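Written out below as structure tokens is the structure these notes cover.
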Amino acid sequence: MQSLTLADFSYNNLSGLVLGTGQFSYFNSSTSFVGNPELCGPYLRSCKSGVGNGGQQTHERGPLSAASIKLILVIALLVCSIAFALVVVAVRFLLRHKSVNSTINDTRAQKNGDIFSIWNYDGTIAYRDIIEATEEFDIKYCIGTRGYGSVYIAKLPTGKVVTVKKLHPLEAEKKVYNESFTNEINVLTRIRHRNIMRLYGFYYHLRCKFLVYEYIERGSLAYVLGNEAEAVELDWWKCLNIIRGVAHALSYLHHDYTPPLIHQDISSNNILLDADFKPHVGDFGTANFLNPDSSNRTIRVGTFGYIAPELAYTMVVTEKCDVFSFGVLTLEIIMGRHPGELISSLSLPNGNGIILKDLLDPRLQPPTQSVTQYLTFSMMLAIACFAHQSKISFNYAIHFSGIRKYNQLSSHPFCTTSLRQLGNLEIKLDP
């Protein structure tokens, strides 16, 4: 067989596989194997099973049955249904994941406890952001204490800097401090004024309570007046604008809001100054809305040295509480220190003989002629606030530009005018 180059197997009814290798590859399939319909191989018809070209196995399938076709269709339909359901679930997951990421990235809204309300300049203040920004209220971020808590500075992921006042854990368990906390929330979520500190949000939980405010750069007025480096940046116009700003805030609380709101703790510790020395009234934990159907009696609150005697004796809250405190604050700004016993000495025979210029803050430059009139009026207003029957209305007293230039004021030079002479002058304003 190895020497054969020509062979004829035609018309022998042969069947089976003819290999395409070895000696058989030399035989001409068109002449050597004709007449053998059952033969198959690489040079013949395809085989149902066997070794084809290159020695690889080949298969030939016959026509599928109707049952097989139905089974294939059912399986295909099932696979398509499962695939469609998976696609829908995947799309929904991606959209939801994108929405959650967008919320986290844009507003960083995280809840960890019972949050009653939380918001800020662009929608949300996040609990987690505050915790991360302060490193869980690390002492290095503490910038002071006010009222019933410690104050921290926090820079949020958006770049916004805020102030956070956290209630001390031990104080959080006391009813009076917890009431002050919730009262401040209740008040500051209802009022809005350019001279009142803005509340961005709060977090309320049994284990952690804090308030989030706008950041006021210079801190409290008490700090500025008590710090030589800060105080020298003041001038008399800035002092007058601080007095006027506080008066605007009190005018809003007493006259533009119904029912009237009494702050009850106007003091230099609760007046915050921004970079431009613009005042912002803060700490509304003891604020009270006047109820016309109530006696408005309360426990004594406020800062010692600013409390009106009427409140100390009667425990009745009226506008006079803030009026008296405003008078003390005005003198404190002009003098650069708390007036102390000066207030009580005004009722003494020799007390009214004090010269105005001797009360001015010595750290500031002497006032110019243009500012002395406003200083005189401010001190007149402060003294009037101490009168037992004072009817000072911030709705009118704040209009410094409306002061009439009376001859009686100009006839008393500022350098020689005494408190007695001021007390005899009548405060009159243009309509």
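The values are calculated or read from the model by the stated rules, or taken from the named source; none is laboratory data. Predicted model, so just to flag it, every value in this text is computed and none were measured. Quick reminder, even Gly has a Cβ in these numbers, built from the backbone with ideal geometry, and neighbours come from all protein chains shown. Note: accessible area is taken over every heavy atom of the protein model, side chains too, but ligands, DNA and RNA are not part of it. Shrake-Rupley method; radii C 1.70, N 1.55, O 1.52, S 1.80 Å.
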The range 132-272, Cα convex hull volume normalised per residue, Å³: 133 Å³
Förster radius 41 Å - calculated FRET efficiency between ARG92 and ASP274, Cβ distance, rounded to 0.05: 0.30
Summed side-chain charge close to PRO362 - residues other than PRO362 whose Cβ falls under 15 Å, Lys, Arg +1, Asp, Glu -1: -2
Stretch gain in nm, segment GLU310-LEU14, where the contour uses 0.36 nm per residue and the Cα spacing is subtracted: 93.5 nm
Per residue accessible area in Å² of the range 121-267, where ligands, DNA and RNA are left out and the probe is 1.4 Å: 44 Å²
